[in-house]
Amino acid sequence: MPVEVPGLGTGPADILQRIEWMERLLEGAFVIPGTNRRVGLDAIIGLLPVAGDAITAAMGAWIVFEARLLGVPKWQLMRMSANVAFDFALGAVPLLGDALDFLFRSNSINLKIIRRHIERHHPELRTISQR
């Protein structure tokens with residue numbers, strides 16, 4: 001399966017493409033064989049004690065940073081940061097945290113927040129953000 005690298009520009013469309021690409025990578029890049037369940041690097045890398053959760057939290061923080069470039073309000077950025085922090089804290093719990101990491105998808109939640117912002121403030125991008 002070829003990997004599509006999103007645009008490297010600084011415009012809102014390029015930023016949105018990068019955010020959507022990272023969300024897919026972290027939350028749904030792979031299908032568990034024999035099931036319909038998609039998992040991403042967040043759940044897989046999160047299996048590594050401490051370092052895995054730190055790496056995926058940094059990747060989630062990058063999504064929050066990119067959202068700032070789209071003009072997402074500070075209160076929503078704080079909410080998004082709290083989602084990433086909660087995901088990190090869940091992952092820090094041995095075994096149970098790894099299981100919960102498959103269920104709580106902070107990056108998908110954050111993408112929904114970004115899409116709501118785009119619908120209101122960047123209507124020209126609405127068709128890009130539809131999957």
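The values are calculated or read from the model by the stated rules, or taken from the named source; none is laboratory data. Remember, it's a predicted structure, so these values are computed and weren't measured experimentally. Cβ atoms come from the backbone with ideal geometry, glycine included; neighbour counts cover every protein chain shown.
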Are any residues in the range 99-112 surrounded by 19 or more Cβ atoms within 10 Å (Cβ to Cβ) and either assigned to a helix (DSSP H, G or I) or in contact with a strand residue (DSSP E or B) (Cβ under 7 Å, 6 or more places away or on another chain) (or both), and if so, which ones? Asp101, Ser106, Asn107, Asn110, Leu111
Could you count how many residues in the range 6-62 are aromatic (Phe, Trp, Tyr) and touching an Asp or Glu at 6+ places or on another chain (Cβ under 6 Å)? 0
Within the bounds of the range 30-43, is there any residue that is within 14 Å of Asn107 (Cα to Cα), small (Gly, Ala, Ser) and either modelled with pLDDT under 90 or surrounded by 12 or more Cβ atoms within 10 Å (Cβ to Cβ) (or both)? yes
Filter the range 56-79 for residues that are more than 10 Å from the chain's Cα centre (by Cα) and assigned to a helix (DSSP H, G or I) and give the result. Ala58, Phe65, Glu66, Ala67, Arg68, Leu69, Lys74, Trp75, Gln76, Leu77, Met78, Arg79
Return a yes/no flag: does the range 9-18 have any residue that is assigned to a helix (DSSP H, G or I), among the basic types (Lys, Arg) and closer than 28 Å to Glu119 by Cα. yes
Quick one: in the range 82-98, of everything that is touching a residue at least 12 places away in the same chain (Cβ under 8 Å) and assigned to a loop (DSSP other than H, G, I, E, B), which residue is surrounded by the most Cβ atoms within 10 Å (Cβ to Cβ)? Ala92
In the range 44-81, the residues that are closer than 23 Å to Ala92 by Cα, surrounded by fewer than 14 Cβ atoms within 10 Å (Cβ to Cβ) and in contact (Cβ under 8 Å) with a residue 12 or more places away in the chain: Leu47, Pro49, Val50
